[in-house]
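Please read the structure below before turning to the comments.
The values are calculated or read from the model by the stated rules, or taken from the named source; none is laboratory data. Since the model is a prediction, treat every value here as computed from it, not as a measurement. Cβ placement follows ideal geometry from the backbone for every residue including glycine, while neighbour counts extend to all protein chains displayed.
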Amino acid sequence: MAIRVFLISLLFLSTTITTFSLYEDQVGLMDWHQQYIGKVKDAVFHTQKTGRKRVVVSTEENVIASLDLRHGEIFWRHVLGSNDAIDRIDIALGKYVITLSSEGSILRAWNLPDGQMVWESFLKGPNHSKSLLLVPTSLKVDKDNVIIVFGKGGLHAVSSIHGEILWQKDFAAESFEVQHVIQPLGSDIIYVVGFVGSSQFNVYQMNAKNGELLKHESAALSGGFSGEVSLVSSNTLVMLDSTGSTLITVNFHNGEINFQKTDISDLIKESLGMATILPSKLAGMFALKTTTFMIFIRVTDEGKLEVVDKINHVTAVSDALSFSEGQQAFALVEHYNNDIYLTVKLGQEWNSDLLKESIKLDDQRGLVHKVFINNYIRTDRSHGFRALIVMEDHSLLLLQQGEIVWCREDGLASVIDATTSELPVEKEGVSVAKVEENLFEWLKGHILKIKGTLMLASPEEVVNIQAMRLKSSEKSKMTRDHNGFRKLLIVLTKSGKVFALHTGDGRIVWSLLLNSLRKSETCENPTGLNLYQWRVPHHHAMDENPSVLVVGRCRSNSDAPGVLSFVDTYTGKELGSSSLVHSVVQVILLPFTDSNEQRLHLLIDAKQRAHLYPKNPEAVGIFQREFSNIYWYSVEADDGIIKGHVLKDNCIGEVSDEYCFETKEIWSIVFPLESEKIITTVTRKLNEVVHTQAKVIADQDVMYKYISKNLLFVVTVAPKATGGIGSATPEESWLVAYLIDSVTGRILHRMTHHGSHGPVHAVFSENWVVYHYFNLRAHRYEMSVIEIFDQSRADNKDVWKLVLGKHNLTSPISSYSRLEVITKSQSYFFTHSVKAIAVTSTAKGITSKQLLIGTVGDQVLALDKRFLDPRRSINPTQAEKEEGMIPLTDSLPIIPQSYVTHSLKVEGLRGIVTVPAKLESTALVFVYGVDLFFTRLAPSRTYDSLTEDFSYALLLMTIVALVVAIFVTWILSEKKELRDKWR
Amino acid sequence: MKTRFLSFMFSVFLLTSSFHAFQSDELLVDDGEFGLEGAPPQPHQRSSDPAYIRSSPTPTTTTRRKFSDSDSDSKIQFSLEHAFGDSDFVPAGTFSARLKTWSHGGQQTLTKLRFSRNAFTQAEKENFEKLLIGDEFYRIRLPSNVLSPPGRDYVVSSVKARCLPREGLDEHFVIHMEGVNILAVNYGAPGACPYPRQMKLPAKWSFNSHTVLKNSEQAPRTPVFAEEQLGENGEGEAVKPPERSFWAKYWMYLIPLGLIVMNAITQAMNMPEEQATGQAGAQQGAAVQRGPSPAVRRR
């Protein structure tokens, strides 16, 4: 009997242990985190000293990072703000990394081994200019190494030990544009060369010790210059004139400035087209790049130019690197088919290659964009070279001895858009044998788990359990699972590469560099815009693979021609692509699919014409049926106008085909520009599922949520309050929130927050919208909630009406009916500023919702929606308490355990994507920024499944024990009965 | 405390002041006095539509309220224009209102709005019927600034023509104002307009107009609790935990306990009966026991 009681209670205990938040040992079970740095702009090697070899890089995501040269791992990393772009980096004193950022106004020194900031200097100057950083090795002022910085229109000398500005010289007065700051090796003189306007060439000779201006010469340059100015040696510059056909060599020496002009056509016989000078610093040479080939031209001591070589497939050239005894080498990279050839040449002798290697790359990396070289001493005392190359897809590779030592997929640091795709269904008859084989292992594992739950496990066993959990191969399988946790995350990056990541462990399943989003003659600056689910097979196209649609455009302005590309999400192959004749301003997903399960999309161009995709007659047929019921809106934020549109008829004109439609405007809202400016517009997610329309409130009353897919939430602010916080006084700043029906243009709700300030982040779900802004009067951030309820259905409370069918619940809702809505709203203080807000979404919408707030600390906070209930009151009644209403507080609580990202940071957080899993209780959350983070969330805990570490063996054992106990007691009682009867 | 009271007063003041919108109770009087008022002030597009010539002298159905101070010097007018389907906009009526300048801040708002609608001309009736047949849009527009029409742009609104006809033509305007600017006009039927829309001709070709003027609402202030109040509240919450009955709290322990006790009792009852059977025979004991066992009978 005692055993039974014990087992029963044990069973109870094991089921009642549910997780409120994450325990320490659950980290990494269902979440993963990946760190990236972005496309490398500049790299400095640090390999001289013994110890760890590293490379310090600055990137386009404003990251400064120190990478392990052996494995490519990050030693340390700092993400500077989005408005603090890094211009130059260098290493000073062999122990400090110097960064110059924010257009040459902030100079920082970071400790090389651990990345601590040592000092920071703000350079002030009157105007913007090119920023240059020069760290001379030998220049000393009072035993202090000096860093020479040109920034903000002035030359600064900064102490490298403590960052103090030693001297400063402004060049602002003469509207001088600096090109180079030169320090000849071993001298105390600095030359500052540049132009005034485009024709006057100036050389300033300065004393590096005290900033004294020694000499100033200028000479007029007829014809002007254009493009880059290449520094060939310490006193020779080469540039192109403004027509681009003549090379100008400038020699300045001891106060004399000599110009020498050479026609390119004299050097090379054939015509070049547009030529540009490469900015790479090569010793005694420069490189001239045309669209098809690259020409290397040497400048002789007399200032003569002579063509050294002409190479066809060169894509990148490194700077010259000086290694032993003043010898200088540089690398150039050529492309042949899928191979790249890395050649390291000695500066002085062209024909001797120090190194020539060919490396096979996978074809999804595109061209080499940048190359940086570093030398080392081989075991046989000869010089070896390693090269760091930056590819078109923003990945970073280290090449050494003809091999790829490591590779970083840093394109993933710049995710533009993300969507998901289902994995293939598991094929029958695969795993039975496997399971039998591992039965013993399985049992052993479960016994370990029991020990763990009963807290009997020894420390080693705990480690074993942890390892077992982490490597459970179940979660990284390439097939669909019952709970819908395993999916493919399809992400589009800035480089035009599409990646598929597995949600189980975050590995890259496939990647594809879209050809249509690569630079070409017709499309010179293509950018990806969005990803859409093009085909989600579920009904009659089960055998088809799902695919996504990538929409891009050729230039950044909205009237540039668009680009479409279709990608199969199972294979990662491009199914097709098209460059469009029209532009893409807006993409509207229509809720219809054709017989191939292709989703109908409507693309709106800059001339407000609608184009239907896919272009097949069937799609037009489906479309024509719903022709008059398609409405959309457009927001012209600069003009402060929101317009509603409908379709009219087929296009007439140059692009007319049956898939193009003219549109007409049916409503407009004109915000007065002097008092309101649109800063945020938010709509509901199209695929959101709402479980119930009715909300039962405390006193057994029912309110009906106003659920419309066509609601648009718009926030306008006072024009003065569009700047940063502090740009407007509370009296002259306000914020107006609007709820607009986007079919009829009706304003359902309009509310002014006086003394409030942007930026505004908002999220819209079901019948509520939550938005975050700054309250200038209270000096705090605030979050407001608006809930909107339908009054026209409010009289459906009578049970008899429902029974007799006299209710209007099933009648269709029309936007043209007069609206009877009521809104409830409430504001709460919130501690953090916010980078993004999202809301969890689940499969059926039953589970309660959590707001996911990307905080300024790059973490994600999960906040229960119940805290943002407009009906919260100070003293809730008993009934309201039973409903789960939280008493009113003035600020929203931040519970440390409710950070979804626990101890991790998603540096540079930009967006949060939530996707429902098949299991109702669970939502998948993908957070992207410079880093990527993925986890599963269960806002109301996993009420519909056992936790992953549930001990099935314990349950089994209990059942077996119970059955045995039943049999034993039965036999015993039988025996006893028999005994009694014989008595 | 004082500031809170003041702010409360302030918000009350603002709230009350912002609801100057009124719902005009329509008077179906042919009002000759206002018939001329219906003449639109803007001359443009006049020539474009020949129907216009007929429309201005016809007596109009006017929705208005009698105000004693209607001829105030700050009276302004702006015109409503309409279009049938894709046609050009032509004047269809006139709004007149009083422009009130607030003493503080110099902010101007409209009050006492009234509307006079031009009746449909024959051509317009035909156009409207066409719209009804085709389930097309009947569009209206207002200037976005009432002082210097049309302001930056017109604010446009439209409705499916089939939503309007009832006995007459029922229309409902909600004009959203910001000072002297019109942000938006929401135009539609005053009642429901379920989809699919039925084709129905109006019995009377006259408009029943309702107009509402709306200004922005003031957002509720974030509640600010004094420190002690919050403390009290927090403590109060902590002191009284949700009261649950003994049974509700411990049922999960009680049921197994009950089972055990039951089991024990039956066991215990068996014991004396075992002794009893020895003396008084089996029949009685068997009846009390878990069930009459056939084995016992057989014996």
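I'd like to know if the range B:133-142 contains one or more residues that are surrounded by fewer than 21 Cβ atoms within 10 Å (Cβ to Cβ), assigned to a helix (DSSP H, G or I) and either of a type outside the set (A, V, I, L, M, F, W, C) or modelled with pLDDT of 85 or more (or both).
Checking the range B:133-142: at least one residue is surrounded by fewer than 21 Cβ atoms within 10 Å (Cβ to Cβ), assigned to a helix (DSSP H, G or I) and either of a type outside the set (A, V, I, L, M, F, W, C) or modelled with pLDDT of 85 or more (or both).
Are any residues in the range B:167-179 within 20 Å of A:Ile642 (Cβ to Cβ), of a type in the set (A, V, I, L, M) and more than 8 Å from chain A (Cβ to nearest Cβ), and if so, which ones? Write out each step before concluding.
Quick first cut of the range B:167-179, residues within 20 Å of A:Ile642 (Cβ to Cβ) only: B:173-179.
Pick out the ones that are also of a type in the set (A, V, I, L, M) and you get B:174-175, B:177.
The answer is B:Ile175, B:Met177.
Identify the residue in the range A:189-222 that is modelled with pLDDT of 85 or more and aromatic (Phe, Trp, Tyr) and, among all such residues, is nearest to A:Ala320 (Cα to Cα).
By that ranking, first place goes to A:Tyr191.
Could you please let me know if A:Lys685 is in contact with a strand residue (DSSP E or B) (Cβ under 8 Å, 6 or more places away or on another chain), within 14 Å of another protein chain (Cβ to nearest Cβ) and closer than 30 Å to A:Val760 by Cα? Quick ask: steps written out before the conclusion?
Details: in contact with a strand residue (DSSP E or B) (Cβ under 8 Å, 6 or more places away or on another chain): yes; within 14 Å of another protein chain (Cβ to nearest Cβ): no; closer than 30 Å to A:Val760 by Cα: yes.
It is false that A:Lys685 is in contact with a strand residue (DSSP E or B) (Cβ under 8 Å, 6 or more places away or on another chain), within 14 Å of another protein chain (Cβ to nearest Cβ) and closer than 30 Å to A:Val760 by Cα.
Could you list all residues from the range A:593-618 that are closer than 18 Å to A:Glu665 by Cβ, charged (D, E, K, R) and in a strand (DSSP E or B)?
Once the filter is applied, which keeps residues that are closer than 18 Å to A:Glu665 by Cβ, charged (D, E, K, R) and in a strand (DSSP E or B), the range A:593-618 yields nothing.
Within the range A:871-890, how many residues turn out to be closer than 17 Å to A:Gln850 by Cα, in contact (Cβ under 8 Å) with a residue 60 or more places away in the chain and within 11 Å of chain B (Cβ to nearest Cβ)?
Total satisfying the criteria: 0.
Among (1) under 19 Å from B:Thr211 (Cβ atoms); (2) assigned to a helix (DSSP H, G or I), where does B:Leu113 come up short?
(2)
Is there any pair linking a residue in the range B:148-162 that is within 7 Å of chain A (Cβ to nearest Cβ) to one that is surrounded by fewer than 24 Cβ atoms within 10 Å (Cβ to Cβ) and hydrophobic (A, V, I, L, M, F, W, C), with Cβ under 6 Å and at least six apart or on different chains, and which?
Sorted first by the residue in the range B:148-162, then by its partner, the pairs are B:Ser157/B:Ile140; B:Ser158/A:Ile666; B:Ser158/B:Phe137.
Among the candidates A:Ser58, A:Ser129, A:Ser102, single out the residue that is more than 25 Å from the chain's Cα centre (by Cα), buried (at least 20 other Cβ atoms within 10 Å of the Cβ) and among the hydroxyl-bearing types (Ser, Thr, Tyr). Before you say what the answer is, go through the steps one by one.
Values: A:Ser58 fails: more than 25 Å from the chain's Cα centre (by Cα); A:Ser102 fails: more than 25 Å from the chain's Cα centre (by Cα).
That would be A:Ser129, the only listed residue that is more than 25 Å from the chain's Cα centre (by Cα), buried (at least 20 other Cβ atoms within 10 Å of the Cβ) and among the hydroxyl-bearing types (Ser, Thr, Tyr).
Against the definition (under 24 Å from A:Gly125 (Cα atoms), surrounded by fewer than 17 Cβ atoms within 10 Å (Cβ to Cβ), in contact with a Gly (Cβ under 8 Å, 6 or more places away or on another chain) and at pLDDT below 90), how does A:Ser82 come out, yes or no?
Working: under 24 Å from A:Gly125 (Cα atoms): yes; surrounded by fewer than 17 Cβ atoms within 10 Å (Cβ to Cβ): yes; in contact with a Gly (Cβ under 8 Å, 6 or more places away or on another chain): yes; at pLDDT below 90: yes.
Answer is yes for this residue.
Looking for something under 26 Å from A:Arg793 (Cβ atoms), β-branched (Val, Ile, Thr), surrounded by 15 or more Cβ atoms within 10 Å (Cβ to Cβ) and at pLDDT 90 or above - is there at least one such residue anywhere in the range A:689-712?
So far as the range A:689-712 goes, no, none of its residues is under 26 Å from A:Arg793 (Cβ atoms), β-branched (Val, Ile, Thr), surrounded by 15 or more Cβ atoms within 10 Å (Cβ to Cβ) and at pLDDT 90 or above.
Quick one: A:Glu732 ticks every box in (1) crowded, with 21+ Cβ neighbours inside 10 Å; (2) within 14 Å of another protein chain (Cβ to nearest Cβ) bar one, so which box is it?
(1)
Check A:Ser187, A:Ser175, A:Ser198, A:Ser226 and return the single one that is outside the structural domain of A:Thr137 (by TED's automatic domain parsing) and surrounded by fewer than 16 Cβ atoms within 10 Å (Cβ to Cβ). Steps first, please.
On the way: A:Ser187 fails: outside the structural domain of A:Thr137 (by TED's automatic domain parsing); A:Ser175 fails: outside the structural domain of A:Thr137 (by TED's automatic domain parsing); A:Ser198 fails: outside the structural domain of A:Thr137 (by TED's automatic domain parsing).
Within the list A:Ser187, A:Ser175, A:Ser198, A:Ser226, the selection yields A:Ser226.
Using the structure shown, decide if B:Glu274 is surrounded by 15 or more Cβ atoms within 10 Å (Cβ to Cβ), within 12 Å of chain A (Cβ to nearest Cβ) and at pLDDT 55 or above.
Numbers: surrounded by 15 or more Cβ atoms within 10 Å (Cβ to Cβ): no; within 12 Å of chain A (Cβ to nearest Cβ): yes; at pLDDT 55 or above: yes.
So B:Glu274 does not fit the description; no.
Just a yes or no: is a residue in the range A:709-719 outside the structural domain of A:Val536 (by TED's automatic domain parsing), closer than 30 Å to A:Ser577 by Cα and not in a strand (DSSP E or B)? Steps first, answer last, please.
Restricting attention to the range A:709-719, the residues satisfying the condition of being outside the structural domain of A:Val536 (by TED's automatic domain parsing) are A:709-719.
Pick out the ones that are also closer than 30 Å to A:Ser577 by Cα and you get none.
No - not one qualifying residue is present in the range A:709-719.
Based on this model, can you work out whether A:Arg777 counts as within 12 Å of chain B (Cβ to nearest Cβ), more than 25 Å from A:Met703 (Cα to Cα), at pLDDT 80 or above and out of contact with any Leu (no Cβ under 7 Å at 6 or more places or on another chain)? Even if it seems obvious, please write down each step before you answer.
Numbers: within 12 Å of chain B (Cβ to nearest Cβ): yes; more than 25 Å from A:Met703 (Cα to Cα): yes; at pLDDT 80 or above: yes; out of contact with any Leu (no Cβ under 7 Å at 6 or more places or on another chain): yes.
So A:Arg777 fits the description; yes.
Listed here are the residues, each with its yes/no results for (1) under 23 Å from A:Leu398 (Cβ atoms); (2) without any contact (Cβ under 8 Å) to a residue 60 or more places away in the chain; (3) not aliphatic (A, V, I, L, M).
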residue	(1), (2), (3)
A:Ser245	no, yes, yes
A:Leu267	no, yes, no
A:Leu282	yes, no, no
A:Lys310	no, yes, yes
A:Ala331	yes, yes, no
A:Asn351	no, yes, yes
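I'd like to verify a number: residues in the range A:224-237 that are free of Cβ contacts under 8 Å to residues at least 60 places away in the same chain and either part of a loop (DSSP other than H, G, I, E, B) or among the aliphatic types (A, V, I, L, M) (or both), how many? Can you show your working first?
First, the residues of the range A:224-237 that are free of Cβ contacts under 8 Å to residues at least 60 places away in the same chain: A:224-231, A:234-235, A:237.
Restricting the remaining residues to those that are either part of a loop (DSSP other than H, G, I, E, B) or among the aliphatic types (A, V, I, L, M) (or both) gives A:224-225, A:229, A:231, A:234-235, A:237.
Here the count works out to 7.
Only one of (1) within 12 Å of chain A (Cβ to nearest Cβ); (2) out of contact with any Pro (no Cβ under 9 Å at 6 or more places or on another chain); (3) at pLDDT 75 or above is not met by B:Arg244, so which one is it?
(3)
For every residue, the table says whether it meets (1) within 30 Å of A:Ala923 (Cα to Cα); (2) of a type outside the set (D, E, K, R); (3) in a helix (DSSP H, G or I).
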{"position": "A:Ser940", "(1), (2), (3)": "yes, yes, no"}
{"position": "A:Asp944", "(1), (2), (3)": "yes, no, no"}
{"position": "A:Phe950", "(1), (2), (3)": "yes, yes, no"}
{"position": "A:Leu955", "(1), (2), (3)": "yes, yes, yes"}
{"position": "A:Ala965", "(1), (2), (3)": "no, yes, yes"}
{"position": "A:Ile971", "(1), (2), (3)": "no, yes, yes"}
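So which residues in the range A:329-351 are more than 24 Å from A:Ile404 (Cα to Cα) and either of a type outside the set (Asp, Glu) or touching a Cys at 6+ places or on another chain (Cβ under 9 Å) (or both)?
First pass over the range A:329-351, keeping only residues more than 24 Å from A:Ile404 (Cα to Cα): A:347-351.
Once the filter is applied, which keeps residues that are more than 24 Å from A:Ile404 (Cα to Cα) and either of a type outside the set (Asp, Glu) or touching a Cys at 6+ places or on another chain (Cβ under 9 Å) (or both), the range A:329-351 yields A:Gly347, A:Gln348, A:Trp350, A:Asn351.
Could you figure out which of (1) more than 9 Å from chain A (Cβ to nearest Cβ); (2) within 27 Å of A:Tyr633 (Cβ to Cβ); (3) in a loop (DSSP other than H, G, I, E, B); (4) free of Cβ contacts under 8 Å to residues at least 60 places away in the same chain isn't true of B:Ala203?
(2)
Looking at the range A:521-568, which of the residues that are β-branched (Val, Ile, Thr) and in contact with a helix residue (DSSP H, G or I) (Cβ under 8 Å, 6 or more places away or on another chain) is modelled with the highest pLDDT?
Taking the range A:521-568 as the starting set, the residues that turn out to be β-branched (Val, Ile, Thr) are A:522, A:527, A:536, A:548, A:550-551, A:563, A:567.
Those still in the list that are in contact with a helix residue (DSSP H, G or I) (Cβ under 8 Å, 6 or more places away or on another chain) too: A:527, A:550, A:563.
Working: A:Thr527: 87, A:Val550: 93, A:Val563: 90.
Checking each candidate, the answer is A:Val550.
Modelled with pLDDT under 80 and aromatic (Phe, Trp, Tyr): is that true of A:Phe225 in this structure?
Values: modelled with pLDDT under 80: yes; aromatic (Phe, Trp, Tyr): yes.
Criteria met by A:Phe225.
Hey, which of the strands (runs of 3 or more DSSP E) in the range A:238-336, taking only ones fully inside, have at least 2 residues that are under 42 Å from the mean Cα position of the chain (by Cα)? Walk me through it before giving the result.
Values: elements: A:246-253, A:256-263, A:285-289, A:294-299, A:305-311, A:314-317, A:321-323, A:327-336.
Qualifying strands (runs of 3 or more DSSP E): A:285-289, A:294-299, A:305-311, A:314-317, A:321-323, A:327-336.
If I go through the range A:637-685 residue by residue, how many of them are modelled with pLDDT of 85 or more, part of a loop (DSSP other than H, G, I, E, B) and not aromatic (Phe, Trp, Tyr)?
Total meeting the criteria: 11.
Would you mind listing the strands (runs of 3 or more DSSP E) fully within the range A:822-902 where at least 1 residues are among the basic types (Lys, Arg)? It would help to see each step written out before you state the result.
Working: elements: A:834-839, A:850-855, A:860-864.
Where strands (runs of 3 or more DSSP E) fall fully within the range A:822-902 and carry at least 1 residues being among the basic types (Lys, Arg), they are A:834-839.
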